[in-house]
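The values are calculated or read from the model by the stated rules, or taken from the named source; none is laboratory data. For clarity, every value in this text was computed on a predicted model and none was experimentally measured. Counting neighbours? That spans all protein chains shown, and the Cβs are built from the backbone with ideal geometry, glycine included.
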Amino acid sequence: MRLLAPTLMCIALAQPCLAAENPEAQAQSFARIFKAFCMEHIDDLDALKGQLESVTPLAERSAEIFLNGMPGSVWAVPDAEGTYVLALPTNENLCVIFGRRAGAEKTDALFVELVSSPPPPFLVRKLGENFEETPKNGTAHNIGYEWYTEDSSRKVTFTLSTTPFEEAEIQALGSISISGE
């Protein structure tokens with residue numbers, strides 16, 4: 001059972017699952033993909049889904065790993081540094097990017113850089129940061145930020161979880177969600 005999720009991830013991504021050769025470049029790819037798919041489309045995920053209509057999503061069995069029990073669609077996002085995964089749960093204002101391999105420290109720094117300067121009229125606040133021991137992925141570093149305005153209940157929440165553990169199933173998981181009006 002311990003090998004089931006990594007094996008399915010390798011099958012879903014249709015690539016060899018080897019140790020990272022260039023963790024910094026993989027972190028840069030993760031950040032670029034996170035920005036291009038999630039940050040630039042969070043206001044209209046339906047438009048993003050429309051743009052992806054011609055791309056075959058992962059099979060339902062492979063997609064289940066990335067949707068955490070929610071209905072939705074999942075796509076492989078190939079890149080020179082590896083293949084990443086985009087998950088868009090149905091009826092949720094949620095966009096998630098998974099990276100099997102990405103240098104944890106560089107991914108953390110690029111994430112903070114991306115979310116710490118919101119466009120007007122948004123303000124930013126750090127929601128928290130912690131380290132958590134996980135049974136499969138070693139020590140995970142979790143970070144959360146929020147974009148908000150003082151005169152609205154609308155909030156954009158950004159989360160990132162990374163691990164430097166070379167045998168981790170996923171080394172980087174970034175998400176964006178919108179709440180309020």
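Would a scan of the range 85-92 turn up a residue that is among the acidic types (D, E) and within 21 Å of T163 (Cβ to Cβ)? Give the steps one after another, and end with the answer.
Kept after step one, since they are among the acidic types (D, E), are these residues of the range 85-92: 92.
Remaining after also requiring within 21 Å of T163 (Cβ to Cβ): none.
Looking for residues that are among the acidic types (D, E) and within 21 Å of T163 (Cβ to Cβ), one finds none in the range 85-92, hence no.
Which of the residues spanning the range 39-55 are out of contact with any Phe, Trp or Tyr (no Cβ under 8 Å at 6 or more places or on another chain) and either surrounded by fewer than 16 Cβ atoms within 10 Å (Cβ to Cβ) or outside any helix (DSSP H, G or I) (or both)?
Of the range 39-55, the ones out of contact with any Phe, Trp or Tyr (no Cβ under 8 Å at 6 or more places or on another chain) are 39-47, 49-51, 53-54.
If the condition is that a residue be out of contact with any Phe, Trp or Tyr (no Cβ under 8 Å at 6 or more places or on another chain) and either surrounded by fewer than 16 Cβ atoms within 10 Å (Cβ to Cβ) or outside any helix (DSSP H, G or I) (or both), then E40, H41, D43, D44, D46, A47, G50, Q51, E53, S54 are the ones that fit.
With buried (at least 22 other Cβ atoms within 10 Å of the Cβ), in contact with a helix residue (DSSP H, G or I) (Cβ under 7 Å, 6 or more places away or on another chain), on the phi < 0 side of the Ramachandran plot and modelled with pLDDT of 95 or more as the only criterion, which of L114, L88, L173 stands out? Break it down into steps so the answer makes sense when it comes.
Working: L114 fails: buried (at least 22 other Cβ atoms within 10 Å of the Cβ); L173 fails: in contact with a helix residue (DSSP H, G or I) (Cβ under 7 Å, 6 or more places away or on another chain).
One residue alone meets the criteria, L88.
Given the range 85-164, what strands (runs of 3 or more DSSP E) lie entirely inside it while holding 2 or more residues that are touching a strand residue (DSSP E or B) at 6+ places or on another chain (Cβ under 7 Å) and of a type in the set (F, W, Y)? Reasoning before the result, please.
Details: elements: 94-99, 123-134, 138-148, 155-162.
Those strands (runs of 3 or more DSSP E) span 138-148.
Being surrounded by 14 or more Cβ atoms within 10 Å (Cβ to Cβ), closer than 20 Å to N142 by Cβ and either at pLDDT 95 or above or in contact with a helix residue (DSSP H, G or I) (Cβ under 8 Å, 6 or more places away or on another chain) (or both) narrows it down to one of V96, V77, so name that one. If you could, list the steps in order and put the result at the bottom.
Details: V77 fails: closer than 20 Å to N142 by Cβ.
Exactly one residue qualifies, and that residue is V96.
Of Q26, Q15, which residue is within 26 Å of P135 (Cα to Cα), in contact with a strand residue (DSSP E or B) (Cβ under 7 Å, 6 or more places away or on another chain) and modelled with pLDDT under 95? Write out each step before concluding.
Working: Q26 fails: modelled with pLDDT under 95.
When all the criteria are applied, what remains is Q15.
Do we find that V156 is in contact with a Pro (Cβ under 9 Å, 6 or more places away or on another chain), among the aliphatic types (A, V, I, L, M) and within 17 Å of L94 (Cα to Cα) in this structure?
On the way: in contact with a Pro (Cβ under 9 Å, 6 or more places away or on another chain): yes; among the aliphatic types (A, V, I, L, M): yes; within 17 Å of L94 (Cα to Cα): yes.
Judged against the criteria, V156 is a match.
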